[in-house]
Amino acid sequence: MEILTIRTTGDNMAHQPLPQIGGKGLFTKEIEDALLDRRAHLAVHSLKDLPTDLPEGLVLACVPRREDSRDALISRTGARLNELPRGAVIGTSSIRRAAQLKRLRPDLRIEPLRGNLDTRLRKLRETALDAIVLAVAGLRRMGLDAEITEILPEQILCPAVGQGALGIEARADDARTLNALAALEDDWARLTVTAERSLLKSLGGGCQIPIAATVARQDNRISLTAIVMRPDGGEMIAMEELSTSIANSSRAEAISIAEALGRKTAEKLLELGAARLLGEVPAGQPTLPAPQAP
């Protein structure tokens, strides 16, 4: 195989908080263009970066086995989240993480943090940050497990939609590539991300309002827990919903059940007031403070 390295809009604007950039597909558009132009046969994405609506002619061809979807706290002193001092400064550019952290600890200060893993870890060592929050999956894939101070349970910090999963995208008419990728497909990973992405699509959520979701198995059913929040953490609407049984279902039937679960959970969240929260932040409005001068 030949690796085609592509820098995306999100990569090129690495010093600006994502909510201030706005828009969808910040880490995917240029890569998808390479697929459509036939410069590439397949594209490997972090699935949480992949919009729920794909360009015509492209499909989510494969979801390999999912890594841990949780978030990790890395602190300068080894203090866990509940041990950080009042007014501690935490680095993250995720409004989902920021909102949940502020709801748990209103005293915390949230500072924007962009860059690759090495850059973020270096900023923790070299700046006034007390801690940073990163995805467990990324740390593990880079062999940086030892940096983790605390893995935060889903009940404390609900993960992003698709976090920990890879999404391999290909052209719908490229039968040879699709057939090869089928060997990497993981059925449970496909079900979990299908439910989560169906929820996100039904909510119409972008990057301006914190939306989080996690899926678990309960006997022969799928459980989807989802939250929608104000960016300041001041209000949260949560919902847990169970699917119908997937026992004895074909793969296609199970995927359909997962999609229906996402839609149903979204409908209930909207009825509980999520529609109001989703309409509060105009597109492109910053929801995190701008970076401070050094």
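In the frame of its principal axes, the chain has Cα extents of 54, 44, 38 Å, reported largest first. Past 20 Å, Cα to Cα, is the threshold; run Lys201/Lys264; Lys29/Lys201; Lys48/Lys201; Lys29/Lys102 against it and keep the listed order. Long pairs (Cα-Cα over 20 Å): Lys29/Lys102. Electrostatic bookkeeping for Arg221 treats Lys and Arg as +1 and Asp and Glu as -1; over the other residues with beta carbon under 15 Å from its beta carbon, the sum is -3. Taking a ≥ b ≥ c as the square roots of the eigenvalues of the Cα gyration tensor, an a/c ratio of 1.5 or more together with a/b larger than b/c marks the range 187-280 as prolate. Selection among Gly279, Leu50, Leu178 by position relative to the dipole of the chain gives Gly279 as farthest towards the positive end (Cβ unit charges, Cα centre). Normalised by residue count, the range 71-152 yields a Cα convex hull volume of 80 Å³ per residue. Placing dummy labels 7 Å off each Cα toward the beta-carbon, the span from Glu2 to Val59 is 2.6 nm. Placing a pseudo-label 7 Å from each Cα along the Cα-to-Cβ vector at Arg122 and Asn220 gives an inter-label distance of 5.5 nm. For the chain, the share of DSSP beta bridges that are antiparallel, to the nearest 5, is 85%. Under a model in which nothing but the beta-carbon of Lys, Arg (+1) and Asp, Glu (-1) is charged, the range 71-152 shows a dipole of about 260 debye around its Cα centre. In the chain, the DSSP-assigned H stretches of four residues or longer account for a calculated mean residue ellipticity at 222 nm of -8500 deg cm²/dmol, using -39500 (n - 2.57) per stretch and the full residue count as denominator. Restriction of the GluC sites (Glu not before Pro) in the range 101-154 to DSSP coil positions whose beta-carbon has at most 16 other beta-carbons within 10 angstrom yields Glu154. For the range 22-170, the relative contact order comes to 42 percent (Cα pairs under 8 Å, sequence separation of at least 6). Put simply, the range 105-152 fits an ellipsoid with semi-axes of 19, 14, 9 Å; these come from the alpha carbon gyration tensor as the roots of five times its eigenvalues, largest first. Remark: relative contact order (the chain) = 24 percent; criterion is Cα-Cα distance under 8 angstrom and separation of 6 or more residues.
Laboratory data are not the source of any read-out in this text; all were calculated from the coordinates shown. All values reported here derive from a predicted model rather than from experimental measurement. With ideal geometry, Cβ positions are generated from the backbone for all residues, glycine too; neighbour counts draw on all protein chains shown.
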